[in-house]
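The values are calculated or read from the model by the stated rules, or taken from the named source; none is laboratory data. These numbers were taken from a predicted model, which means no experiment stands behind them. Here the Cβ positions follow ideal geometry from the backbone for every residue, glycine too, while neighbour counts run over all protein chains shown. Each accessible area value is taken on the protein alone, full model and side chains, heavy atoms only, with ligands, DNA and RNA left out. Shrake-Rupley method; radii C 1.70, N 1.55, O 1.52, S 1.80 Å.
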Amino acid sequence: MGLTLAEKILSHKAGREARAEELVVVEVDQVMVVDSIAGSFFRRLEYLEATPRYPERVSIVIDHVAPAANLEVAKAQKEIREWGHKHGIRVFDVGRGVCHQVLIEEGLAQPGWIVVGSDSHSTTYGAVGAFGTGMGATDIALAAASGRTWLRVPESVKVAFRGRLPQGVTAKDAALEMVRLLTAEGATYMAVEIHLTEGAEALGRGERMTLANLTVEAGAKAGLVVPSGEILDLYRVPEWLYPDPDARYVREVEIDLSRLTPRVSVPFYVDNVHEVAEVWGKRVDQVFIGTCTNGRLEDLRAAAEVLKGRKVAPGVRLLVIPASSQVLEEAARDGTLLTLLEAGATIGTPGCGPCMGRHMGVLAPGEVCVSTSNRNFRGRMGAPEAEIYLASPRVAAASAVAGYLTTPEELEGSHA
């Protein structure tokens, strides 16, 4: 019996064949720490009386509350800068962007690597064929101190996307459909192995990041996109980094991209996914375009395409937060930013923004937000009585203009 992609990577790192359910100890290629966990990470290293074994393999990203929202956060971020300087650790400071976007841009996640991060959406690195997974502060500190970690080799679920996306349908819609089919617990501690076939190979790196990012919402330990398309041009992909044809999967799911329609995740569960048409007309107070799920240049461009020549509806707040400084610079250079501003958008510092409800757009009781982020749990962005609807940048932009949940196509029709 052959090996899945997760088994291939962990076998390669362990130096022996490793199959699902076995325990392995493996070298870690990159340890990522976010600002909100950094203090706990430092305290655990102090408890261990240890320092990072390979400083060049550790990155700290100040993104979750950037810039600092209060005095305590400011003190914590000051400690990050001082600790990083003392130990020779790479620190990406305020304004550089969301951790996962930054590590991909910086080449700190590569095909076949193991990347552990103190953020659950570290599955995003699977977009380039890296085994990325989130861990708590203790495991992250041990990985930094030893240069290694232990893992139970996960079983795998195979998700095959085939065909091409119709006009107006995006990778976010495909990702939400995947979570709907798998359910919130359907891939708990499994690797979701994503295959792109029959035209789906055309999905770019950013779109693959959206797919891998949302696998954790089905409980996945890792989300791995089998390398194809532009990934083969952008990276040196090892010949061994492919699943065997006779690999064993716990479950196989197939999604025909050509039949998809715009999707929205309805409060208060990510897997509560419906067609936008089913919730059309829902009043909107705030629209948020950004995050590690959909804050990339192509996402901002998609929103700008909808917003061009239009204005945000009275009473609606449109927050746009680029996923990185690189995205912000490119959006400024190609005119995307100006289009967003002319429509009435407020542009925020690259980072996580209001995704987890700590600053820069916290929701009040009773407010409704359409967000391109990844979670709509009760209280995620502020008040427990607020509602979050997860959608693509196109749907988010159209909803900002209409003042209610809708699609660009319906918006066009209403103006005809």
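Assorted remarks:
- Solvent-accessible area per residue for the chain (1.4 angstrom probe, square angstrom): 38 Å²
- Neighbourhood charge, 14 Å Cβ-Cβ cut-off, centred on Tyr235 and excluding it, Lys, Arg +1 and Asp, Glu -1: -3
- Apportionment of accessible area to carbon and sulfur, the chain, percent (1.4 Å): 50 percent
- P(r) tail for the range 84-215: Cα pairs beyond 20 Å make up 49% of the total.
- Helix-only [θ]222 nm of the chain, DSSP H runs n ≥ 4, -39500 (n - 2.57) each, per residue, nearest 500: -9000 deg cm²/dmol
- When the listed pairs Lys8/Lys158; Lys172/Lys308; Lys282/Lys308; Lys158/Lys221 are checked against a 19 Å cut-off, the alpha-carbon distance exceeds it for Lys172/Lys308; Lys282/Lys308.
- Nearest-0.05 FRET efficiency for Lys282 and Arg333, computed from C-beta distance (R0 45 Å): 0.80
- Sites Arg162 and Tyr47 - FRET efficiency at Förster radius 51 Å, r taken between beta-carbons, to 0.05: 0.55
- Of all DSSP beta bridges confined to the chain, the antiparallel ones make up roughly 20%.
- Histogram of C-alpha separations across the range 1-109, 10 Å bin width, %: 13, 36, 28, 17, 5, 0
- A protection proxy built from the mean count of other Cβ atoms within 10 Å ranks the segments 360-367, 156-163, most packed first, as 156-163, 360-367.
- Remark: relative contact order (the range 5-258) = 24 percent; criterion is Cα-Cα distance under 8 angstrom and separation of 6 or more residues.
- Reachable lysines, given that their alpha-carbon falls under 16 Å from the alpha-carbon of Lys86 and they are not under 8 places away in the same chain: Lys78
- Listed peptides 47-54, 191-198 by packing density, highest first (mean Cβ within 10 Å): 191-198, 47-54
- Using the average count of surrounding beta-carbon atoms within 10 Å as a protection proxy, the listed peptides 58-70, 274-286 rank, highest first, as 58-70, 274-286.
- Linear extension gain, Glu22 paired with Glu412, 0.36 nm per residue minus alpha-carbon span: 135.0 nm
- Segment Glu56-Arg90, extension gain: residue separation times 0.36 nm, minus the distance between their alpha carbons: 11.5 nm
- What you get for the chain, charging only the Cβ of Lys and Arg (+1) and of Asp and Glu (-1), is a dipole of about 700 debye around the Cα centre.
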